[in-house]
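Let me begin by presenting the structure, written as C-alpha cells, before commenting on it.
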Amino acid sequence: MSDILTDKVVVVTGAASGIGRAIAVSAAQHGAKAVIIADLTETPLEGGAPAVQEIEGLGVAARFVRTDVTQRVQVDALVEAASEFGGVDVMVCNAGITLRSDGADVSEEDFHRLMAVNLDGVLFGAQAAARQMKNRGKAGSIVLMGSMGGIVGAGFTVAYSTSKGGVVLMAKALADALGPDGIRVNAVCPGTIDTHLLRTTPDVAAAAKKFAERTPLRRIGKPSEIGDAVAYLGSDLSSYVSGTALIVDGGLTSVV
Ligand SMILES: NC(=O)c1ccc[n+]([C@@H]2O[C@H](COP(=O)([O-])OP(=O)(O)OC[C@H]3O[C@@H](n4cnc5c(N)ncnc54)[C@H](O)[C@@H]3O)[C@@H](O)[C@H]2O)c1
C-alpha cells in the first residue's frame, strides 16, 4: 500500500481484534519491518485467523506476545520482545475496554477495572517504549488510543469518557516530557468504528445508529481507517507532529 513505515518495528496492544488488529495489519501494509501483537488471547473476538497469520501472509515478520496491559511486568516484557528486531520504533497503546453499565452511578469496582486497562495500561506501554527508545538512543513515535469519548462526554460512558479524556492529556504531557529525546507522543481519537466492542456494548451500539445519521460523512468508520491514521503518526511523514489528538470520526465531533 505504501512504504511509509519501512524499517520500523511496530508494537500494538489489544491487537488480536478490532482496531488494534487493523493497526497491526496496516503497519505491515505500509512497509513495517516487524509487527508485534500483544493481547490477552491470540484468538480474534470477531473470529477468523490470528493477526500473526495475516501479517506473515503479507511477507512481514510478526510475533504474538501474550500480554495483560494492566500488569507492568508483562508490558515491560512485551517491549523487550521487540529487541529481536532491533527495538521498538512505533508503540501503539491501543488496548481498551468499555463497561456494560457506565452511567452516573458506575460502581467503584467497574470504574477502577476500566481505568486499569484504559489508563494504567496505556501509561505502562508508553513508559516501557520510551525507556527502550532512550536506552537505544532512538527517536520514536508513541500513539495512544483515545476516543471521541475523550473529546465530548456522554451520560452512558462516564468512566470511559473520563479515561479517554485522560489519554488525550497524557499524550500532551508525555509529548513535552519525551520530546527532548526525539520521541513524539500523540493520541488518536476514533469516532464510531465497526468492531466487536461497538457491537457488544448495548448503549454504544444503540447510539451508533444515531451517530451515523449525524456524522457529516453519514456512516460509521472502518477499523482500517484508524489503522491508516496510526500509520501516519508512526511514520516520518508526521515528524513535526507531537502532543496532538488526531480525531478520526467522519466529522461527528465537529457538529452539534
Ligand atoms: N470501536 C469503537 O467505536 C471505538 C471508538 C473509539 C475508541 N475506541 C478504542 O479503540 C481501542 C480498541 O477498541 P476496539 O473497538 O477494537 O475493541 P475490541 O473489544 O474489538 O478489541 C479490543 C482488544 O483489546 C484486548 N484487550 C482488552 N483488555 C486487554 C488487556 N488488559 N490487555 C491486553 N489486551 C486487552 C481485547 O482482548 C481485544 O482483542 C480501545 O482503546 C477503544 O476504547 C474504539
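The values are calculated or read from the model by the stated rules, or taken from the named source; none is laboratory data. In this text the structure is predicted, and so the values were computed from the model without any measurement. Here Cβ is always computed from backbone atoms with ideal geometry, including for glycine, and neighbour counts include all displayed protein chains. Just the protein is used for accessible areas: all its heavy atoms, side chains included, with ligands, DNA and RNA removed. Shrake-Rupley method; radii C 1.70, N 1.55, O 1.52, S 1.80 Å.
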Practice prompt. For residue 60, state whether it is touching a helix residue (DSSP H, G or I) at 6+ places or on another chain (Cβ under 9 Å) and in contact (Cβ under 8 Å) with a residue 60 or more places away in the chain.
Written response: no
Worksheet entry | Search result, residues across region 147-163 that are in contact (Cβ under 8 Å) with a residue 60 or more places away in the chain and either in a loop (DSSP other than H, G, I, E, B) or open to solvent by 10 Å² or more (accessible area, probe 1.4 Å) (or both) | 148, 150, 151, 152, 160
Fill in: Cross-chain or 6+ apart pairs with Cβ under 6 Å, region 90-110 first and under 18 Å from residue 148 (Cα atoms), then buried (at least 24 other Cβ atoms within 10 Å of the Cβ) and among the aromatic types (Phe, Trp, Tyr)
98/160; 102/160
Worksheet item: Given the structure, is residue 179 buried (at least 21 other Cβ atoms within 10 Å of the Cβ) and not basic (Lys, Arg)?
Response: no
Worksheet entry | Subset of region 212-223 (residues that are closer than 20 Å to residue 96 by Cβ and buried (at least 18 other Cβ atoms within 10 Å of the Cβ)) | 220, 221, 223
Fill in: Of all residues making up region 1-20, the number that are of a type outside the set (S, T, N, Q) and open to solvent by 10 Å² or more (accessible area, probe 1.4 Å)
8
Worksheet item: Which ones in region 86-131 are of a type in the set (A, V, I, L, M, F, W, C), more than 14 Å from the ligand (Cβ to nearest atom) and closer than 20 Å to residue 153 by Cα?
Response: 104, 106, 111
Worksheet item: Would you pick out the residues in region 196-211 that are open to solvent by 80 Å² or more (accessible area, probe 1.4 Å) and either assigned to a loop (DSSP other than H, G, I, E, B) or away from the ligand (no atom under 11 Å from the Cβ) (or both)?
Response: 209, 210
Worksheet item: Restricting to region 2-24, what's the tally of residues that are away from the ligand (no atom under 16 Å from the Cβ) and at positive phi?
Response: 1
Fill in: Residue count, region 74-116 (criterion: among the β-branched types (Val, Ile, Thr) and touching a Gly at 6+ places or on another chain (Cβ under 6 Å))
2
Discussion item. So for region 135-146 (the condition being within 16 Å of the ligand (Cβ to nearest atom) and surrounded by fewer than 24 Cβ atoms within 10 Å (Cβ to Cβ)), does at least one residue qualify?
Written reply: no
Discussion item. Taking the conditions exactly as written (farther than 23 Å from residue 141 by Cα, at pLDDT below 95 and polar (S, T, N, Q)), does residue 215 satisfy them or not?
Written reply: no
Worksheet item: Would a scan of region 146-159 turn up a residue that is of a type in the set (S, T, N, Q) and over 27 Å from residue 48 (Cβ atoms)?
Response: yes
